[in-house]
1. So Lys304 passes all but one of these: (1) basic (Lys, Arg); (2) in contact (Cβ under 8 Å) with a residue 12 or more places away in the chain; (3) under 30 Å from Asp389 (Cα atoms). Which condition number does it fail?
2. Assess whether Ile643 counts as being under 22 Å from Asn471 (Cβ atoms) and either charged (D, E, K, R) or out of contact with any helix residue (DSSP H, G or I) (no Cβ under 8 Å at 6 or more places or on another chain) (or both).
3. Quick check on this structure: which one of Gln319, Gln339 is part of a helix (DSSP H, G or I) and either open to solvent by 10 Å² or more (accessible area, probe 1.4 Å) or out of contact with any Pro (no Cβ under 9 Å at 6 or more places or on another chain) (or both)?
4. Hey, does segment 424-446 have a residue that's assigned to a loop (DSSP other than H, G, I, E, B), surrounded by fewer than 18 Cβ atoms within 10 Å (Cβ to Cβ) and modelled with pLDDT under 95?
5. Hey, could you check segment 696-710 for residues that are at pLDDT 95 or above, over 20 Å from Thr660 (Cβ atoms) and in contact with an Asp or Glu (Cβ under 8 Å, 6 or more places away or on another chain) and say which is least open to solvent (accessible area, probe 1.4 Å)?
6. If the Cβ limit is 6 Å and pairs must be 6+ apart or interchain, which residue in segment 709-729 that is in a loop (DSSP other than H, G, I, E, B) pairs with which residue that is of a type in the set (Lys, Arg)?
7. Take segment 399-419 and flag every residue that is aliphatic (A, V, I, L, M) and open to solvent by less than 10 Å² (accessible area, probe 1.4 Å).
8. Any residue in segment 416-434 that is within 16 Å of Phe330 (Cβ to Cβ) and touching a residue at least 24 places away in the same chain (Cβ under 8 Å) sitting within a Cβ distance under 6 Å of a residue that is assigned to a helix (DSSP H, G or I) and of a type outside the set (Phe, Trp, Tyr)? List the pairs, counting only those 6 or more apart or interchain.
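The values are calculated or read from the model by the stated rules, or taken from the named source; none is laboratory data. Since the structure is predicted, the reported quantities are computational estimates derived from the model, not experimental observations. Note: ideal-geometry Cβ built from the backbone for every residue, glycine included; neighbour counts use all protein chains shown. For the accessible areas, the whole protein counts, side chains as well, though only heavy atoms, and no ligand, DNA or RNA atoms are used. Shrake-Rupley method; radii C 1.70, N 1.55, O 1.52, S 1.80 Å.
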Amino acid sequence: MRINRRKFLGASGALLQVQRSAAQPLPAPQQAHPGVWRFRLGAPEAITPVATRHYAPAAAGFAALPALTACPVSVSGSASRRGYLVRIPLAANEIVYGLGLVRIPLAANEIVYGLGLQLQSLIQRGLKKRLRVNADPKMDTGDSHAPVPFYLTTGGYGVLVDTARYATFYCGHKDRRGAPQPVTESVPAAIGQDALPAAYRRYRFNQATEVLVEIPEAQGVDVYVFGGPKMCDAAQRYNLFSGGGPLPPRWGLGMWYRVKNDYDQEEVVKLASEFRDRRIPCDVIGLEASWETHAYSSTFVWSKKYPDPARLVKSLATQSFRLNLWEHAFTHPDSPIYQSLLAHSGDYDVWGGLVPDFLDPEARKIFSGYHEKEHIALGVSGYKLDECDNSDFTGNWSWPEVSSFPSGADGEQMHCLYGARYQDTLQSIFEKRKERTYGLVRSAGALAAPYPYVLYSDLYDHKEFIRGVANMGFSGILWTPELRNANDPEDLIRRLQSVALSPMALINAWYIKNPPWKQVERNANNADRLAPDWESVEAKCRGVMELRMRLIPYLHAAFVRYQRHGMPPFRALVMDYPDDPATWAVDDQYLVGESLLVAPVVAGQSARNVYLPAGDWFDFWSGTRHPGKQRLRVTPPLEQIPIFVKEGSILPLAEATLHTADPAAFRLHAQVYGDSPRPTVLYEDDGSWRPSLAEVTLTWDGARESGAVSRSGSGGGPRYVVTTWKAVG
């Protein structure tokens, strides 16, 4: 790599020299893929996310990204009795890519993002995070049920530390003896001091620093660096390295509803019919724990409440519903696969059940074989994989870190990998049968992008849930701010709006008998004491769900781009606008696809501020044009979630159908924003395992005020038809 060393080190030169005197010689990176480099430090462990990965990199996608010839950042490391320490500088001035053809300014205040599902913070710079798998994180310490040892910076690169350990990330501002004294400057005016949470006011802007990563137990590690030059380019390279994003079946993008835990087969069928009669959009119905003969731990055997599951699946299918099953992996002694799994499980039980070693091929074969025969062969479309994380710190129910498994993994490594390897096990069934699925999981880690499983949480703070939607795009994960309960109808509707603009539109009514719009108070709901105005509340909820259904062609196209190019379909504003400091701390808004900016409202807010980045933006509801690079005060009515459409967009809106299989779902109303909009590309998808997607391009002739539709490629799915065109504003 050709770097002007004096310019690169800048004021931090002495600091980095001190660091390197205590570290191993700076290793030479090896190019792993275009724009991706690997640093091998010391002797890496055998069990890591990359070493145990299921999906190969999506190599074809790299070709569309900018060509880079040199690694954008240096990495060094050293071993100690504590484990292994990795050092990565946060650069002071600028780095020269290749032969100087591309220069990327990297201010010393480059901001760090990512590290997985961090619900309590967006910016990680200046914070210490221990990436410990924990289902119930109470503080902003790094605990998460989806910690990911990968971060991105506004400098335009990303770093993956390939470890299955509880690594500690010090994201800048640990001052070594002999280093220059810190220079603390005021927050850049573009951000505004009041815009930052108190914990973020210690950035020390314009001071060079470093990221320290301590990995316990290890005596070496592989570190992967993903070049840009833009922040979103680095995110795309990481997602492509992971295998590319998933392409959910269209039904997975519709509305989901999980029924009360103690429902029986006939109650499920009755509720499904009620949804159709009352015109409630829904594609997927989920069963909770009582479908099994025993849960906590699980038997995976249908209970007496479901005497004829094949008939249930068939009955739901006649009304275009799919069936999803809750489970966890801990295998009860009454399970038909218990004895077979004994030799392929860990040495500690959970809830009296085995912990299958999903790093062991034989364990995966036993587990998946039973699930295929008893569930998926009947028509079950997917799973909710619960409790595959760890609550050893709060609920004290999981296996300890001192556990051992036949594969050679210890308990800590297994906690870091269990969610992904559990998904591998069940995903192998759908791959074998050449069927697509979409489901839920409560744990994920590095390289999670290809999995068609969406994270959720038993925690329930609405603001944190919104932050999760903004945060997930930094780490290659999907997240739903699922709707469970609500304090009042306003809270119900505001939460449902966040759900409708997320990767999975999920209502989880596992502990209420009637749909929540009939009664939000739990005890009254279960006693069938319905609210007197429930039909009015239902109408408002129906409107939110219909918005979701109208956006499915747009969301589907965003997921196609995720699969092919690695671009996260949901992401924070800073991902697309890293050079605008005003976006750095925005954690209550996010981008959806290429054209939409969403700013959810929390119950109790009569108004909120929305930051609009560069360019003009149109209010989705009124069509009013607003110039960018400003903060806008909005007062949305309860029925509306603030949505803004980027100038130059063609937004395809479908008919609001009850399910995604309705032919009317392919009749589009194209809304045009601006005089010279960019073409919009949609994809016709037949739902097959590896669909050949026809590309449908929508274009607008501003001079003639007319739209056109063209097709390329072949696809066997239903064809889109644009029935109306409308120029907005």
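1. (2)
2. On the way: under 22 Å from Asn471 (Cβ atoms): yes; either charged (D, E, K, R) or out of contact with any helix residue (DSSP H, G or I) (no Cβ under 8 Å at 6 or more places or on another chain) (or both): yes.
Yes; evaluated as a whole, the condition is true for this residue.
3. Numbers: Gln319 fails: part of a helix (DSSP H, G or I).
Going through Gln319, Gln339 in turn, just one is part of a helix (DSSP H, G or I) and either open to solvent by 10 Å² or more (accessible area, probe 1.4 Å) or out of contact with any Pro (no Cβ under 9 Å at 6 or more places or on another chain) (or both): Gln339.
4. Taking segment 424-446 as the starting set, the residues that turn out to be assigned to a loop (DSSP other than H, G, I, E, B) are 434-438, 442-446.
Keeping just the survivors that are surrounded by fewer than 18 Cβ atoms within 10 Å (Cβ to Cβ) gives 434-435.
Next cut, modelled with pLDDT under 95 only: none.
The answer is no, given that none of the residues of segment 424-446 is assigned to a loop (DSSP other than H, G, I, E, B), surrounded by fewer than 18 Cβ atoms within 10 Å (Cβ to Cβ) and modelled with pLDDT under 95.
5. Among residues in segment 696-710 that are at pLDDT 95 or above, over 20 Å from Thr660 (Cβ atoms) and in contact with an Asp or Glu (Cβ under 8 Å, 6 or more places away or on another chain), the one least open to solvent (accessible area, probe 1.4 Å) is Gly707.
6. Listed by first residue and then by second, the contacts come to Gly729/Arg625.
7. Of segment 399-419, the ones aliphatic (A, V, I, L, M) are 402, 409, 414, 417.
Hits for segment 399-419 are Ala409, Met414, Leu417.
8. Between residues of segment 416-434 that are within 16 Å of Phe330 (Cβ to Cβ) and touching a residue at least 24 places away in the same chain (Cβ under 8 Å) and residues that are assigned to a helix (DSSP H, G or I) and of a type outside the set (Phe, Trp, Tyr), the close pairs are Thr425/Arg364; Thr425/Ser368.
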